[in-house]
Structures are given as C-alpha cells and as structure tokens.
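Undergrad: Pasting a structure below so you can have a look.
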Amino acid sequence: MKHRAKSTPAAAPAQDLMPREKLAQLGPHALSVAELLAIIFGTGHGGETVQQLAARILHEYGAFALRDVHDYEQVRRETGLPHVKACQLLACFELGARLFKPLPNDKQAVTIRTPQDVFEFLTDMRTLRKEQLRGLYLNARNVVIHQEIVSIGTITANLVDAKEVFRPALEYSAISVIIAHNHPSGNPEPSDEDIAVTAQLAHAGSILSVRLIDHIIIAGDSFISLNERGVV
C-alpha cells in the first residue's frame, strides 16, 4: 500500500508574520529596524504593544539618535522606557557598536558638495517629532568623516554649546562643519533663533579655524540652506 505524504502548510506571507517568526523564516536582514527593536524589547509597555513601542521610539527619536546615546538616565528621560527596556536598548546598540568594524577605503563614504547632498544624506531627520541639531564633519575633500547629534530639543542660542559642536571637529581633525536641524512643524523657514545660532557658531568656528559651511533646516520633504540665504 502506498502512503500519501502529508502536505506541509504553506508559509504565511511575510507581511503577516510577527517579528520573531519573520526572522526565523526569512533571516534578520528581512526585518526593519523597528521589527528588530521589537524583538529586543520582547514585550510592550504602558498600553503599547511591543511593535507600537518600537515604532514610536524610532519615529520620535530616530535610529541614529538612539545609537549615539550611552547614558542610562538620558535614555529613560528621552524615551520614557522602564528600567529593563532602557538597559536592553543600551546593550543592543553598544553590542552593535563594538562588533561593527568599518572597512578600509569604505565604499559608503559620502561626499557633500551641495545643500541637496546634505538633505539626501539626512533623510531620517525628515519625519522626526522632536528637534535635533546634528553636525556633519568633513575632511579636506568634503567627505563626511563623522556625524554627531549635538542636542535634542528646541534649538536656541542660549542652549546650543559651541564647544559641543566643534569638539568632534577637533577630535576627528575635520576641516569644516555643516550643521543641520529639523522643524517638526513642517515649515523650514528659519526663526530668529536659528539665525542667531548660525552666527554664533560661525564666529566660534572662525576662532578655531574650522569653517562652518552651512546650516540646513529640514522640514518634511523640503529644506532651506542658510548659506544660500546669505546667513553663513
């Protein structure tokens, strides 16, 4: 008597899989950053599912900002995560940083020549819900050699510390700096404070012999260059 082989249930479509099942079926490269973060957290918090929690944190703060934070109290304050999940987040990014080794002559090196280049390089800033001030640090060939989050929150001349903007320039031997920040309101027009901050940093850069090339304001799908406006 011949026996009919049992049929194997068809695999669920990728969009219907939970993060862990998706990883097991398709591998880690198939998951979004939010899905990977959901696996790290394991459970939700405060009425949010784990997927909602991961998506909210990434949408509000951006993956780059979280990667650059190393202080436990700052993580708790900025994200509202409880103790265990704050530790999980810090451990996750620290482990990735330790294991990641850039290749010599990195093919991902980015050259900045226009404000449009900055806008395209900082695509993750277009949808952030909180203001961030970032610095792009360039070598003599206008290649980005470092990127840093200078501050999170409202950008004012009283709160932006020029030392924090130019410290990485000295540390990485950058020739010039471009600063950028986002307007969650969707309006890229510079405020009086934006112009004051730009003038303050341009003056500080001239003293340190590190040129401030531009200040880019990003708002959704639009941006403004204060260099093109004649402010820098």
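Undergrad: All but one of (1) buried (at least 17 other Cβ atoms within 10 Å of the Cβ); (2) at pLDDT below 95 hold for residue 119; which doesn't?
TA: (2)
Undergrad: Here is a follow-up. Going residue by residue through segment 72-81, is there one that turns out to be farther than 23 Å from residue 18 by Cβ, of a type in the set (A, V, I, L, M, F, W, C) and under 15 Å from the mean Cα position of the chain (by Cα)?
TA: Of the residues in segment 72-81, the ones farther than 23 Å from residue 18 by Cβ are 72-78, 80.
Going one step further and asking which of them are of a type in the set (A, V, I, L, M, F, W, C), we end up with 75.
Applying the additional criterion that residues be under 15 Å from the mean Cα position of the chain (by Cα) yields 75.
Yes: one or more hits.
Undergrad: Would you mention how many residues in segment 190-216 are outside any strand (DSSP E or B) and either of a type in the set (A, V, I, L, M, F, W, C) or within 22 Å of the chain's Cα centre (by Cα) (or both)?
TA: Qualifying residue count for the region: 13.
Undergrad: Please enumerate the residues belonging to segment 78-112 that are modelled with pLDDT under 85, surrounded by 12 or more Cβ atoms within 10 Å (Cβ to Cβ) and not in a loop (DSSP other than H, G, I, E, B).
TA: Scanning segment 78-112 gives 78, 79, 93, 94.
The values are calculated or read from the model by the stated rules, or taken from the named source; none is laboratory data. The structure displayed is predicted, hence computed values, not measured ones. Methodologically, a virtual Cβ is constructed for each residue, glycine included, from the backbone with ideal geometry; neighbour enumeration extends over all protein chains shown.
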